[in-house]
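Worksheet: one structure, shown below.
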Amino acid sequence: MTSGASRKRKHSPANLPRLSKQRLEELVEEAIVDAYNESEQAVGLFTMIEDNLKLPFDTEVLGVSVTVEKVDMTNDDQIVAVCARAGKKQEIPIVSLPLPSPPPNGWQWIAAYRYWRRGFE
């Protein structure tokens, strides 16, 4: 395969430290221990991201440098990163947010959320 998708990019998840499936499951379990449904599980993961992710941090979205100022949760239980650039702000789903290399402290909670969203695949 010679497409652009096969090349590593600076902000590619491939450049992030790898977490084992076991470690991802441990993080998810820690976050959702008292949750009774999917919505409560999402809130548990959001809380862990909010409490542990070192903000702000800079990353690149569509080739443009942005600053991730905070994380938030939408009405439909999606976790989003609030990104800022030149006085403008935009929410980016955290499952799609490219992380810088090296990633900010607490990035493993984003990885755990992504793992949970995929259904523990």
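Val95 satisfies every condition listed in (1) within 17 Å of Leu24 (Cβ to Cβ); (2) crowded, with 16+ Cβ neighbours inside 10 Å except (2).
Filtering Asn105, Asn52, Asn75 for residues that are surrounded by fewer than 20 Cβ atoms within 10 Å (Cβ to Cβ), closer than 23 Å to Val28 by Cβ and free of Cβ contacts under 8 Å to residues at least 12 places away in the same chain leaves a single hit, Asn75. Just so you know, in the stretch 90-101 the residues that are touching a residue at least 60 places away in the same chain (Cβ under 8 Å) and out of contact with any helix residue (DSSP H, G or I) (no Cβ under 7 Å at 6 or more places or on another chain) include one that is farthest from Arg117 (Cα to Cα), and it is Pro100.
Would you check if there is a residue in the stretch 31-46 being surrounded by 12 or more Cβ atoms within 10 Å (Cβ to Cβ), out of contact with any Cys (no Cβ under 8 Å at 6 or more places or on another chain) and more than 26 Å from Asn75 (Cα to Cα)? No, every residue in the stretch 31-46 fails to be surrounded by 12 or more Cβ atoms within 10 Å (Cβ to Cβ), out of contact with any Cys (no Cβ under 8 Å at 6 or more places or on another chain) and more than 26 Å from Asn75 (Cα to Cα).
Read-outs: derived from the displayed coordinates by stated rules, not from any lab. Treat the numbers as computed from the prediction; the structure is a model and nothing was measured. Note that we place each Cβ from the backbone using ideal geometry, even for glycine, and neighbour counts take in every protein chain shown.
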